[in-house]
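Have a look at the structure below, then the notes.
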């Protein structure tokens, strides 16, 4: 990671992409350097860690960009725009949910690789089938087995049990594998003054408004930073 000088303070970057201010870049970088110091001993495992860790930053930035893009479009054009702007909003929603879940999945992949540095037989990564099998749930299961009292194990469990995570995963799967949801617009009739129109994302069950992505990105930011803190503690203790 390096700092690119711009107007005012330098912006932390990974491979020349800026790290959003919502991500704790100092903890992210210190953990990367600590794991990277093991590359002479465990080159394969460190390579997998680095690939996943880099993906965390890239996907987090992507999620942030699409949160901003969606919110700006809704603010400017409302929830029932013409087809051109409707496509923009659907594009932003699609990539927001895909990228956001990828942040957590990539994080778990990196944690699994860290476990492989510590106990390669318990966290195998030597074949393509091993790599395909790595999921957030598998990472948690392995941590629970080997590090049951570690705070990272607890933090990951709490994240995977969070209703927001469950919702996010369900939405991503629907968007990526099944549907392009329609919208249901509700208008109050006979009220004085006229109540504002509300819009529901059909098949998803979410309200479409300026908060749709922003409140979820705030949750993601909080969870990712909690997990980064716990991963830093974990690597300090076990590496």
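Whenever a residue of the stretch 116-140 is over 13 Å from residue 42 (Cα atoms), its partners that are assigned to a loop (DSSP other than H, G, I, E, B), lying with C-beta atoms within less than 6 angstrom and at least six residues away or across chains, give the pairs 130/124.
Criterion first (part of a helix (DSSP H, G or I), over 22 Å from residue 238 (Cβ atoms), touching a residue at least 24 places away in the same chain (Cβ under 8 Å) and within 25 Å of the chain's Cα centre (by Cα)) does residue 169 satisfy it?
Details: part of a helix (DSSP H, G or I): yes; over 22 Å from residue 238 (Cβ atoms): yes; touching a residue at least 24 places away in the same chain (Cβ under 8 Å): yes; within 25 Å of the chain's Cα centre (by Cα): yes.
Yes, satisfied.
Looking only at residues in the stretch 33-46 that are part of a helix (DSSP H, G or I) and in contact (Cβ under 8 Å) with a residue 12 or more places away in the chain, the one that is nearest to residue 119 (Cα to Cα) is 45.
Taking the criterion of being surrounded by 12 or more Cβ atoms within 10 Å (Cβ to Cβ) and not in a loop (DSSP other than H, G, I, E, B), the residues of the stretch 111-136 that qualify are 111, 112, 113, 114, 115, 116, 117, 118, 130, 131, 133, 136. If you go through the stretch 55-88 and keep only what is exposed (fewer than 15 other Cβ atoms within 10 Å of the Cβ) and touching a strand residue (DSSP E or B) at 6+ places or on another chain (Cβ under 8 Å), you end up with just 80.
Just one of the numbered conditions (1) surrounded by 14 or more Cβ atoms within 10 Å (Cβ to Cβ); (2) at pLDDT 95 or above; (3) outside any helix (DSSP H, G or I) is not true of residue 181: (2).
Condition test on residue 139, is it touching a strand residue (DSSP E or B) at 6+ places or on another chain (Cβ under 7 Å) and at pLDDT 95 or above? When the stated conditions are applied, residue 139 does not pass them.
The values are calculated or read from the model by the stated rules, or taken from the named source; none is laboratory data. Computed from a predicted model, the values in this text were never measured in an experiment. Neighbour counts are summed over all protein chains in view; Cβ atoms, including those assigned to glycine, are modelled from backbone coordinates with ideal geometry.
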